[in-house]
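I have placed the structure first, in the form of structure tokens, so that the comments after it can refer back to it.
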Amino acid sequence: MANQKKIGDIITMRGQVAEGLSGIELNLFDGDYSTGYKILEFYISPDNVTGSNEIMAVLSTNPATTASTWNWSDVQQVAWASWGISSAASGGDFTLVDFDNMIIENIYLSSTSTVSLSNMNYYMTLQKYKISAWDGALNMVTNLSQGGPLS
């Protein structure tokens with residue numbers, strides 16, 4: 001992307017959603033295709049942090065994405081997080097954000113867990129950018145891409 005300019009302050013999105021849902025829409029779109037948001041941080045936790053809970057979550061540009069499968073070659077998945085995973089099983093708590101992400105419209109949150117929870121907390125920080133309308137259109141195409149794993 002040729003010309004990006006940070007505008008505004010870093011914003012925080014946080015909340016609590018029912019665990020185990022896919023494609024919860026988090027509204028970012030401001031009606032202007034020449035502005036976009038980069039996700040800087042993404043964290044999750046159960047509402048009861050003292051319980052034995054294992055949660056996985058994905059932020060994506062596609063509402064149909066599920067959290068049970070992480071695919072780092074899928075351009076629609078832009079951030080991943082886990083909570084409470086036994087270090088013996090797969091390494092403990094985890095968070096990763098694709099810093100090449102640029103969200104033009106909305107972002108979708110999907111989660112899954114190994115036990116039945118009532119709610120999951122999420123926390124993310126984002127930076128707003130001014131971009132050219134052409135770059136905005138290009139990012140929308142990328143965010144809606146049907147591209148699969150690279151061979």
- request: Considering (1) surrounded by 14 or more Cβ atoms within 10 Å (Cβ to Cβ); (2) under 11 Å from the mean Cα position of the chain (by Cα), say which one Glu25 fails and leave the rest.
  value: (1)
Residue within the stretch 88-109 that is within 18 Å of Asn27 (Cα to Cα) and at pLDDT below 75 present: no
query: Does Ser34 count as in contact (Cβ under 8 Å) with a residue 24 or more places away in the chain and touching a helix residue (DSSP H, G or I) at 6+ places or on another chain (Cβ under 7 Å)?
result: yes
- line: In the set Ile44, Ile103, Ile55, Ile107, the lone residue that is in contact with a strand residue (DSSP E or B) (Cβ under 8 Å, 6 or more places away or on another chain), of a type in the set (Val, Ile, Thr), over 15 Å from Thr125 (Cα atoms) and surrounded by 14 or more Cβ atoms within 10 Å (Cβ to Cβ) is Ile55
- prompt: Does Ser34 fit the bill of being of a type outside the set (D, E, K, R) and at pLDDT 90 or above?
  reply: no
- line: Residue pairs within 6 Å by beta carbon, gap of at least six or interchain, first lying in the stretch 1-23 and touching a residue at least 24 places away in the same chain (Cβ under 8 Å), second in a loop (DSSP other than H, G, I, E, B) and β-branched (Val, Ile, Thr), listed first then second, are Ser22/Thr66
- request: Under 6 Å between Cβ atoms, at least 6 apart or on separate chains: pull out the pairs that start in the stretch 61-87 with a residue that is over 12 Å from Thr112 (Cβ atoms) and part of a loop (DSSP other than H, G, I, E, B) and end on any residue that is modelled with pLDDT of 90 or more and of a type in the set (Val, Ile, Thr).
  value: Gln76/Thr61
message: Looking at the stretch 1-17 only, could you name the residues that are part of a strand (DSSP E or B) and at pLDDT below 85?
response: Gln4, Lys5, Lys6, Ile7, Gly8, Asp9
- prompt: Just a yes or no: is a residue in the stretch 61-73 in contact with an Asp or Glu (Cβ under 6 Å, 6 or more places away or on another chain), surrounded by 13 or more Cβ atoms within 10 Å (Cβ to Cβ) and either farther than 29 Å from Ser132 by Cβ or among the polar types (S, T, N, Q) (or both)?
  reply: no
field: Among the candidates Ile39, Ile44, residue that is aliphatic (A, V, I, L, M), more than 25 Å from Thr114 (Cβ to Cβ) and within 13 Å of the chain's Cα centre (by Cα)
entry: Ile39
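The values are calculated or read from the model by the stated rules, or taken from the named source; none is laboratory data. This structure is a prediction, so every number in the text was calculated from the model and none was measured. We place every Cβ from the backbone using ideal geometry, glycine too, and count neighbours over all the protein chains shown.
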